[in-house]
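The values are calculated or read from the model by the stated rules, or taken from the named source; none is laboratory data. Quantities reported herein were computed from a predicted structural model and do not represent experimental measurements. Cβ placement follows ideal geometry from the backbone for every residue including glycine, while neighbour counts extend to all protein chains displayed. Heavy atoms of the whole protein, side chains included, go into the accessibility calculation; ligands, DNA and RNA do not. Shrake-Rupley method; radii C 1.70, N 1.55, O 1.52, S 1.80 Å.
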Amino acid sequence: MQVVRISFKRSIGGVLISSILSTALSPAQTVARQWNEENLAAIRIDFPAPTVHARNLFHLSVAMWDAWAAYDPAVIGYLHNENATVPVTHSLAQARDEAISFAAFRVLKQRYAFSINPATTLAALDNRMTALGYNIANTSTVGSTPDAVGNRIATSIINYGISDGANESADPGYTDTTGYAAINDPLVLETNDTLAGFPLGWVDLNRWQPLAFRSAETQNGFEARSVQTFVSPHWGSVQGFGLFTADLNANALYFDPGAPPYLGGTGDLDYKNNAVEVLEYSALLDPADTTPINLSPSARGNNTLGQNDGTGHPANPTTGIPYPDNIVLHADYGRCVAEFWADGPDSETPPGHWNVLANEITDDIIADPSLDMKIANTGPVLDTLEWELKLYLVLNAALHNTAVAVWGVKEHYDYVRPISAIRYLSRTGDLPLTPGLVEEITPATIASYHSHLSNHSGKIAVNTWPGEPADPITQSGGRAWILAEEWLPYQRDTFVTPAFAGYVSGHSGFSRAAAEVMTLMTGSPYFPGGLSAHTILAGELLFESGPTVDLTLQWATYYDAADEAGESRLYGGIHVSPDDGPGRIMGSLIGQSAFTYAQKFWDGSVLQLSTVDLGETGELSYHTIPGYHYTLESGTHPDSFPTIEATPGIATGHENTITVSTTDPARFFRFKITGP
């Protein structure tokens, strides 16, 4: 069982940043783990764009995997392939460590030159290389030495990144080239309205509405734009791992879940009820309410995919003993999960958070003599470096693919966030009334419990979390009747809601994709020992004072943790249920497909292309591996290919299209593939 005590109170001052980035790592940690930790440290002091950081984690993982693969002819690199030789001055392990480190170092140096704290991050990367005993001045890509191998691999990845659709720049979320513009005017939080005044500017509340702040911050405490712009609306066009043109549907989306409920259209009542459900979650956050909840895996989890219908697990499969009760205040739980899963306990964004959890799981496997590092718990036992390289590759491929697919969906459906939906419905009178939660302010209610709202007779009030208290260190918001048109989600008042559309939830997609990968990698849905737990200390919440006592989050399975991450966004007030469930389903498909594709690089089978049928168009699309030479051969019999039809040459990407003559349709084709 992994138990980590989490403290959320943090400063973003230079001293703390330096201490985060210079944290000493155990000498027993592999170079892969050390560079992963450096990447996580860099994320924590950068603009928290999940899209960008999922891609950075993936490309770092590719750099390290490709460096390993260069010294093993049986496996295939993803972006760079060569047959490296081990110098007489090195052992195989030493050559791999050095090549991995140079590849990782160069990629991270290039990526975090775009960060908002480049000097701090780049110095930390230099320090890590120096601590490993490598000369950062070795920039040559010429020769057979491991440093040159690593530098060549980094060059391949950096060049790939120039044209993969991400549009690297200093812009948060990188540069958008889609021309996206929000259809609704910004909601000005100081006035609780658009600049033009309701109903002007409230154009279509099925669509996303940016927020306008007096002072805005990211979730990790850095200054943000006062008027939100959609972060990475172009990300659905970024190249993914094993995501090909043929996988796109008619909407040009991967894993399209279909449309969400629409106000005034299909799902109108669901739209309205979903808004009320978010208010119900918000009403659960009052620590004065003594309503308990049992967090034990015996009572929670084991859900159907996309649902919150689980009733727990009968017993810990490792011990055979039922999980003991873990009863806490529901208000403490709701506030803790909203903050814990927001961007990870140290603000490393959801993709980074799942890397942290994956590292903890690896540590648990190492510490438990009954467990082995076997993929799917079968086959040979891997050493720690090989295990981590394969884990990082497939985990971060899945997380990157999730960012690509989910952000494509976000931009396409451009769906509203709860703050806008709730405030709009309250103004139009369409927010469903629920006694004790959503009520019309009347002379009778003013005389009883709405006296502080006496100037707003006829409007809608909600009995929920009222907003961040004046002193978040000593006070909590509790629950109070407020105007529905002033309702706020459980977030800092300088953040309120992420700067991109709601449907589908990135947290739900990222988390389920990661859970699928961890299940497939370890061969079990259960955490090592059948339980993982994180303890949040009393008084250590960030948004307000709490929890009232130490609270331990517990999960039996990776799926349980992922489901909690998804549901946490409802407690936090920034997603509705239709954002969550379909996001989980997308993540499940993405995680499984990424694992299947990654295996082909581990065993070399990605090079196996079947005989292909040209069809009637003369256009042939096929998958490729960078660094390999492709020749298209043809013949009149499926076992004989004497004619060279085309020589596309050495591949630089992962798919290609060529056109050949269709004058003789009675032909068969195959690719001859030769290595670097």
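Taking the criterion of being in contact with a helix residue (DSSP H, G or I) (Cβ under 7 Å, 6 or more places away or on another chain), of a type in the set (Asp, Glu) and closer than 21 Å to Gly583 by Cα, the residues of the range 251-288 that qualify are Asp256, Glu277. Just one of (1) assigned to a loop (DSSP other than H, G, I, E, B); (2) of a type in the set (Gly, Ala, Ser); (3) without any contact (Cβ under 8 Å) to a residue 24 or more places away in the chain fails for Ser524. It is (3). Taking the criterion of being more than 22 Å from Ile76 (Cβ to Cβ), in contact with a Lys or Arg (Cβ under 9 Å, 6 or more places away or on another chain) and open to solvent by 20 Å² or more (accessible area, probe 1.4 Å), the residues of the range 615-659 that qualify are Thr636, Pro638, Phe641, Thr643, Ile644, Glu645.
Of the residues Ala49, Ala67, Ala124, Ala131, the single one that is touching a helix residue (DSSP H, G or I) at 6+ places or on another chain (Cβ under 9 Å) and open to solvent by 40 Å² or more (accessible area, probe 1.4 Å) is Ala131. Only one of the listed residues (Ser101, Ser156, Ser169, Ser115) is closer than 27 Å to Gly236 by Cα, in contact with a Phe, Trp or Tyr (Cβ under 8 Å, 6 or more places away or on another chain) and touching a residue at least 60 places away in the same chain (Cβ under 8 Å). That residue is Ser115. Scanning the range 207-227 for residues that are open to solvent by 20 Å² or more (accessible area, probe 1.4 Å), touching a residue at least 60 places away in the same chain (Cβ under 8 Å) and either small (Gly, Ala, Ser) or within 27 Å of Gly587 (Cβ to Cβ) (or both) returns Arg207, Ser215, Gln219, Gly221, Ala224.
Where residues in the range 482-514 are in a helix (DSSP H, G or I) and open to solvent by less than 10 Å² (accessible area, probe 1.4 Å), which of them is nearest to Phe198 (Cα to Cα)? Per the stated criteria, the residue is Ala484. Identify, from the list Val188, Val203, the residue that is under 25 Å from Ala49 (Cα atoms) and surrounded by fewer than 19 Cβ atoms within 10 Å (Cβ to Cβ). Every option except Val188 fails the conditions.
Of all residues in the range 660-676, those satisfying the criterion of being open to solvent by less than 70 Å² (accessible area, probe 1.4 Å) and more than 27 Å from Gly240 (Cα to Cα) are Val660, Ser661, Thr662, Asp664, Ala666, Arg667, Phe669. Could you check how many residues of the range 254-272 are surrounded by fewer than 20 Cβ atoms within 10 Å (Cβ to Cβ) and not β-branched (Val, Ile, Thr)? Adding up the residues that qualify gives 11.
The residue list Ala338, Ala331 contains one member that is under 30 Å from Gly539 (Cα atoms), crowded, with 21+ Cβ neighbours inside 10 Å and touching an Asp or Glu at 6+ places or on another chain (Cβ under 7 Å), which is Ala331. Among the residues in the range 446-465, are any surrounded by fewer than 17 Cβ atoms within 10 Å (Cβ to Cβ) and in a strand (DSSP E or B)? No: zero hits. Taking the range 162-185 as the range and being closer than 30 Å to Met64 by Cα and open to solvent by 60 Å² or more (accessible area, probe 1.4 Å) as the test, the residues that pass are Ile162, Ser163, Ala170, Asp171. Annotation note: of Asn159, Asn249, the sole residue that is within 30 Å of Asn656 (Cα to Cα), open to solvent by 50 Å² or more (accessible area, probe 1.4 Å), assigned to a loop (DSSP other than H, G, I, E, B) and not aliphatic (A, V, I, L, M) is Asn249. In the range 607-625, is there at least one residue being within 23 Å of the chain's Cα centre (by Cα) and over 28 Å from Pro466 (Cβ atoms)? No: the range 607-625 contains no residue that is within 23 Å of the chain's Cα centre (by Cα) and over 28 Å from Pro466 (Cβ atoms).
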